[in-house]
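Take a look at the structure set out below.
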Amino acid sequence: MTARTVISRTLAAVPLAAALGLALPALPAASAHSADRTGARLSLAELTERATAKVRPDHPQAVLMVAEGDAPAGPTRDMSRVSHWRFVFNDRGNSSAEVSGDLDGTLGPVRVHGSRWVGALPIEEKVTMTPAEAYARLTAAGHGDAFRYVSLVKPMGTPPWRLQYHFSHHPGGCDGYAVFVTDGGTAPICGAASAG
């Protein structure tokens, strides 16, 4: 079996393994740089799978709590420019693991914190809407401002608790709008839990 076959089979197993919560073996260093050499850009879903696969070997029970995106060049209406993402996973006990990455496939080191991410529920369902699709819904609802920060989160508050994208001018800000992944509805971020 060639190295290319092993890498192809490992990459094919990433979505299934991530969905099942299985730890994956580390890829050989050469494969980690192949996406950078081709200039290929990942979707948020693909980057999330890679971040999960990087965290799970040492934190097999970690669950994704939030994905926070940033447009490094400043506020934008082009969601592909929201290229830098931070993923926070709650682990067992009172700890969390964090990894940052870019849509070019680059991932940083896993950082462990002695506290948990609070105020949100784990993101366990499949994400069926991209940031660009969510922004299109927001624009159709009359909120087509340029935003720098986009978060994928399921905030706690008044039920129903729904997975949503937050578009804001500040990290974790309350100054923007939420788009609900399941139905595409929109609401102000701070009123999103009770909005219909």
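For the range 112-196, the calculated P(r), taken from all Cα-Cα distances in 10 Å bins from zero up to the bin holding the longest distance, is 18, 53, 25, 4, 0 percent.
Extending 7 Å from Cα along the Cβ direction at Asp104 and again at Ala45 yields two label points whose distance is 2.5 nm. Report the percentage of all Cα-Cα pairs in the range 60-157 whose separation exceeds 21 Å, rounded to a whole percent. Roughly 39 percent, once rounded to a whole number.
In this calculation the C-beta distance from Asn94 to Cys174 is compared with R0 = 22 Å, giving a FRET efficiency of 0.25.
Assuming 0.36 nm per residue, please report the length gained on full extension of the stretch Thr139 to Gln61 beyond their Cα-Cα distance.
Working: separation 78, 0.36 × 78 = 28.08 nm, distance 3.74 nm.
Here the segment from Thr139 to Gln61 would lengthen by 24.3 nm.
The residues packed around Glu125, meaning those with a beta-carbon under 14 Å from its beta-carbon, carry a net charge of +1 if Lys and Arg are +1 and Asp and Glu are -1.
Every number in this text was worked out from the coordinates using simple rules, so none of it is lab data. The shown structure was predicted, so the numbers you read here are calculated from the model rather than taken from an experiment. All Cβ positions, even for glycine, are placed from backbone atoms using ideal geometry, and neighbour counts span all protein chains on display.
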